Amino acid sequence: MFRNNYDNDSITFSPQGRIFQVEYAQEAVKQGSVVVGVVSKTHAVLAAIKRNAEDLSSYQKKIIPIDSHYGIALAGLASDARVLSNFMKQQSLSSRLTYDRAIPISEITMRIADRAQANTQQYGKRPYGVGLLIAGVDQKGPHLFEFQPSGVTQEMIACGIGARSQMARTYLERHLDGFEGASREELIKHALRALKESLSQDKELTVDNTSVGVGGIGENFTLYEGQDVAGWLDATFENKEDAGEGEGQGEGGEAMETDS
Amino acid sequence: MNHLPQAWGRPRDDVYGAYDHSHFQTQLPNQHTQSPIVTGTSVVAAKFKDGVVIAADNLASYGSLARFTDVKRLRKFNDEVVVGFGGDVSDMQYLDRLLNSLDIRENYSNNENPLHAKNLHTYLAKVMYKRRSDFDPLWNHLLVTGLDGEKKPFLASVDLLGTTFSSPTLATGFGAHLAQPILRRTIPDEDAVANVSQEEAVKLVQECMKVLFYRDARSMDKYSIAVITTSGVELKQDEKLENQSWAFAERIRGYGTQVN
């Protein structure tokens, strides 16, 4: 009758040494729309595709600023991400209050990892159905961490999670060497291009469905949406046609910008 | 009429029977922590060009009895902070254990951002204020010395009420009256710190310890001194006051056996 006897709870191992509920949770991450994160020596960037359930509804939030120095991007169950982000906000605030210290990114990542792991050790709990990218800057510079429902966390140079994110990761792997020395703008462009790679044919990056979060040394983590990302979208994707014109023209308004 | 307020407004015994007083608090709260028993006297500290120097003698008094003569009242924390304790010695030992467990916790959480002096000062201020809000204060006056997040010299105090104060020179207890004016002669303000070398600062603090030994009846001539710079903490716990001159004592009139 049952295909599988070992997936009724999230604490029982199968004879093969797997915990099926955790694996199902990881499937939930793959259902979420894609998010991408990249770090350079000076900046950490998150980029995400937002989805709307129907044309008349608003778009689901994908990037959540947690503290002034970092934020998260989520793929999977948004409500689970809210639970985790509220916890992260509390922990970050309490670190600032009791120690006057911005919580280190590795530290906050460990704390949610411990919470996620505890779910696989106590009867009646379920794993979080969300994957997170945690990006920001602490005393030791910019960081990007990946968090999985299993409680696994890893520090990454670049990462993509969510639906069709393999395409984004392929892009990131190809351009891996360019990230460390990249400027703020270059890094954002890389993130947007990686995002674009994993988009299905009939979809496009627009001001409505694109979210960008940027943190940097001496720069607070900021979420950019709507018209604030229009400039980057133009610069990243329309550039191919514009590049020739821009250099050739050298007159009118453009000449003013390139002056001196 | 019964003049005890506890009896007022109670149901009449002759009508309702004897009143059950058992729910009243029969035992008064512990009060032995509400005043210091074994005490340490002044702690003296001064900033200099590229660090801080702090000193406290090795005496723990039981009232006016010089009870323990080998008590170390300067405590090193993770290679860049030294905390000096004045006031109750058992509360100092409690705080010492607290700092120990904090240090162990910090070292386990594999982050590379150790707590610096400013972090620790904020933390201790919260601890002290919490305890005074519970009406169970830790009867200490602490000086926290070390380097802040920018590797600049840091010196600040917390008292038993959780009051914080910062200044280029600080002294607790009797030292606040006797040593502070001497320190201010050389280091009147933050600008003066840049002109003070390590040798000058150490000599200045030693001079203060000497004056305190002359005048403070709860002090002694064995002391600890620590110098905190970017190259680490240099803590000496078995120093002896040198070049004492008691010549001035003969001229003192007005107390003791001879009145005039």
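Overview of values
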{"item": "Residue pairs meeting the criteria (Cβ under 8 Å; at least 6 apart or on separate chains; first over 28 Å from A:LEU176 (Cα atoms), in the stretch A:37-56; second assigned to a strand (DSSP E or B))", "result": "A:ASN52/A:TYR59"}
{"item": "A:ARG96 open to solvent by 30 Å² or more (accessible area, probe 1.4 Å) and at pLDDT 95 or above", "result": "yes"}
{"item": "A:SER58 being away from chain B (no Cβ under 14 Å) and under 22 Å from A:VAL207 (Cβ atoms)", "result": "yes"}
{"item": "Count of the stretch B:36-62 residues which are within 17 Å of the chain's Cα centre (by Cα) and outside any strand (DSSP E or B)", "result": "6"}
{"item": "Residues that are at the interface with another protein chain (Cβ under 9 Å from one of its Cβ atoms) and polar (S, T, N, Q), drawn from the stretch A:90-104", "result": "A:THR98"}
{"item": "Any strands (runs of 3 or more DSSP E) falling wholly within the stretch A:34-73 and containing at least 3 residues that are over 9 Å from the mean Cα position of the chain (by Cα) and within 15 Å of A:ILE105 (Cβ to Cβ)", "result": "A:63-67"}
{"item": "The lone exception for B:LYS236 - which of (1) exposed (fewer than 12 other Cβ atoms within 10 Å of the Cβ); (2) free of Cβ contacts under 8 Å to residues at least 24 places away in the same chain; (3) over 24 Å from B:ALA194 (Cβ atoms); (4) not aromatic (Phe, Trp, Tyr) it fails", "result": "(1)"}
{"item": "Residue that is surrounded by the most Cβ atoms within 10 Å (Cβ to Cβ), among those in the stretch B:150-177 that are farther than 24 Å from A:THR98 by Cα and touching a residue at least 24 places away in the same chain (Cβ under 8 Å)", "result": "B:ALA171"}
{"item": "Residue match in the stretch B:130-139 (condition: open to solvent by 30 Å² or more (accessible area, probe 1.4 Å), assigned to a loop (DSSP other than H, G, I, E, B) and basic (Lys, Arg))", "result": "no"}
{"item": "Top-ranked residue in the stretch B:71-122 [being without any contact (Cβ under 8 Å) to a residue 24 or more places away in the chain and more than 28 Å from A:GLU155 (Cα to Cα); ranked as surrounded by the fewest Cβ atoms within 10 Å (Cβ to Cβ)]", "result": "B:ARG97"}
{"item": "Test for A:ARG111: is it within 27 Å of A:VAL36 (Cβ to Cβ) and either among the small types (Gly, Ala, Ser) or out of contact with any Ser or Thr (no Cβ under 8 Å at 6 or more places or on another chain) (or both)", "result": "yes"}
{"item": "Residue match in the stretch A:153-172 (condition: touching a Ser or Thr at 6+ places or on another chain (Cβ under 6 Å), open to solvent by 50 Å² or more (accessible area, probe 1.4 Å) and over 23 Å from A:PRO65 (Cβ atoms))", "result": "yes"}
{"item": "Qualifying positions in the stretch A:133-149 - part of a loop (DSSP other than H, G, I, E, B) and open to solvent by less than 40 Å² (accessible area, probe 1.4 Å)", "result": "A:PRO149"}
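Here's the yes/no breakdown for (1) within 22 Å of A:LEU187 (Cβ to Cβ); (2) assigned to a loop (DSSP other than H, G, I, E, B); (3) open to solvent by 50 Å² or more (accessible area, probe 1.4 Å); (4) without any contact (Cβ under 8 Å) to a residue 40 or more places away in the chain:
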| site | (1), (2), (3), (4) |
| --- | --- |
| A:GLN91 | no, no, no, yes |
| A:GLU107 | no, no, no, yes |
| A:TYR128 | no, yes, no, no |
| A:GLY131 | yes, no, no, no |
| A:GLY151 | no, yes, no, yes |
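The values are calculated or read from the model by the stated rules, or taken from the named source; none is laboratory data. What you are looking at is a predicted structure, and each value in this text was computed from that prediction instead of being measured. Positions of Cβ are backbone-derived with ideal geometry, glycine not excepted, and every protein chain shown enters the neighbour counts. All accessible areas refer to the heavy atoms of the entire protein, side chains included, with ligands and DNA or RNA removed. Shrake-Rupley method; radii C 1.70, N 1.55, O 1.52, S 1.80 Å.
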